[in-house]
Every structure is written in structure tokens, then in C-alpha cells.
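In what follows, a structure is listed as C-alpha cells, so that the remarks can point back to it.
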Amino acid sequence: MKTLSIAAIAGVLAISGCADMSQTQRGTATGAGIGAGIGGILGAVTGGGGGGRALGGAAIGGAIGAVAGNIWSNRMENQKRAMEQATQGTGVQVSQTQDNRLKLEIPSDISFDTGRADIKPEMRPVLDRFAATLVENPATTINIVGHTDNTGSDAINNPLSTERAARTRDYLTTRGVAVGRFTIEGRGSHEPLVANTSDANRARNRRVEIYVAEPQQQAPAPAGYAPPPQQRY
């Protein structure tokens, strides 16, 4: 149990040290702390070696944790502010998700007509400005998710939601964003924001969500650090 406690403490310390950090540093430290806890547990349960093995596992796990997840860099913050300004008064919601992604939620009244995937003219200025911010930050990846209300069957809604995401991607690529940065999804009517009990609610559920992520890069190993020697059993 002592080896597990050491690993757990390492993880807690890494996370508790986040109070005075920037958003970017906090994301890295949290990932490293979680990774340290996992690594410590793995080190303790996969063989002998006591506390040294657990600490070695924690160090390896910390490096893995620092790779996982996304960062919220100054570029991401600047992109969020630019989109907040560009979409003011349009109904587009701009936010930062808990996993450090920039999220744009584009409602149906400016995105697509009912039953159609053609981008409405009201949406184009928003996408034009958005594309410019994506070009300025080429390290990011973009996931576009289309949604419908529950009018009609899955046979109609599922491909329609995917087509809306695809049309949004295609428009952004015409504005200079590399197609390889995109993934698209169609969720049909399966993830409503609100119950489909009125025309107003169904309008809220017809939407496109765009997520932008800047993947975490591997943190450099501490000076003088060497992985623990492998033991044979």
C-alpha cells in the first residue's frame, strides 16, 4: 500500500500546484498528475521493486499524461476573443470546453434551412472570420458535428446532419484551411440540447458545433532523468 500512496501523493501534488498557473500550464500539470498516478499504480502492481518501482512508474506516467489532452495557449485565447467579437449579436455561442477546446455552437437560424445542408448567407461572414483564425493557428485540429431535431426519421436525419458538417468543412477549406485538419460527424437527432416539444426547442436542436483543439505536445524530460532499468522476472 505504501507504493500506491507515494504515487497518489505525486499525482495530488501535481494537480494541487495548479492554483498559480496559467491555463496552458494548468492543462499540462493536470495531465502529468493524472499520468503520474496511473504510472505509479502500474509500477506497483506489475512486479516487485517497492517504492522505487512505483516512483519510476509515476515518472513515466507523468510524461505520458503531459502528452495527453489539449492546451489552452495564448493563440487559443486570442482565437476565442476574435470569434466572440466576430459573432456578437449573431446567436453563435463561443466557449472554452473543460478539455481545453474552443467550441462554436451555430444555431439553425443563421446556419441551415430546415431539411437542407446549404450554408445560409448569414453564416458565411462568421465562417470567413473563423477560417482566418484557423489559418493563423495551424497547429490546431477541427471537429465539426452536425445535429438535427427529431422531425423525420433517422434515415433522413443522420445523413443530413453529416452533410451539414461536411458542407461547413468544405466552405472552410475554400478559405485556406487544410482539409487534413478536419474530422466531421453527424449525430442526427440523438443529442438534443432541449426536449423537442416546441418549434423553438426544435430550432435550438438544429445546429452545428465546431470544436478546435491544440493537442498537447510531449513535455521534455527533466535534466538528468533516466528511465529506471528494466527488471527481469
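Quick one: GLY146 ticks every box in (1) in contact with a helix residue (DSSP H, G or I) (Cβ under 6 Å, 6 or more places away or on another chain); (2) more than 14 Å from ARG206 (Cα to Cα); (3) among the small types (Gly, Ala, Ser) bar one, so which box is it?
(2)
Under 9 Å between Cβ atoms, which residue pairs at least 6 apart in sequence (or on different chains) link something in the stretch 179-208 that is within 15 Å of GLY152 (Cα to Cα) and of a type in the set (Ser, Thr, Tyr) with a partner that is in a helix (DSSP H, G or I) and open to solvent by 60 Å² or more (accessible area, probe 1.4 Å)?
SER189/ASP154
Need the failing condition index for GLY89 against (1) on the phi < 0 side of the Ramachandran plot; (2) open to solvent by 40 Å² or more (accessible area, probe 1.4 Å), just the number.
It is condition (1) that GLY89 fails.
Which pairs have Cβ atoms under 6 Å, sit 6 or more apart or on different chains, and link a residue in the stretch 96-122 that is without any contact (Cβ under 8 Å) to a residue 24 or more places away in the chain and farther than 16 Å from ALA166 by Cβ to one that is of a type in the set (Asp, Glu) and open to solvent by 70 Å² or more (accessible area, probe 1.4 Å)?
ILE110/GLU122
Only one residue in THR174, THR183, THR133, THR140 is hydroxyl-bearing (Ser, Thr, Tyr), exposed (fewer than 15 other Cβ atoms within 10 Å of the Cβ) and under 21 Å from the mean Cα position of the chain (by Cα), so which one is that?
Values: THR174 fails: under 21 Å from the mean Cα position of the chain (by Cα); THR133 fails: exposed (fewer than 15 other Cβ atoms within 10 Å of the Cβ); THR140 fails: exposed (fewer than 15 other Cβ atoms within 10 Å of the Cβ).
Just a single option satisfies the conditions, and that option is THR183.
Could you tell me which numbered condition ASP113 fails, if it satisfies all but one of (1) under 18 Å from the mean Cα position of the chain (by Cα); (2) part of a loop (DSSP other than H, G, I, E, B); (3) among the acidic types (Asp, Glu)?
Just one mismatch for ASP113, condition (1).
The values are calculated or read from the model by the stated rules, or taken from the named source; none is laboratory data. Every value quoted in this text rests on a predicted model; they were computed, and no experiment measured them. With ideal geometry, Cβ positions are generated from the backbone for all residues, glycine too; neighbour counts draw on all protein chains shown. The area values use the complete protein model at the heavy-atom level, side chains included, leaving out ligands, DNA and RNA. Shrake-Rupley method; radii C 1.70, N 1.55, O 1.52, S 1.80 Å.
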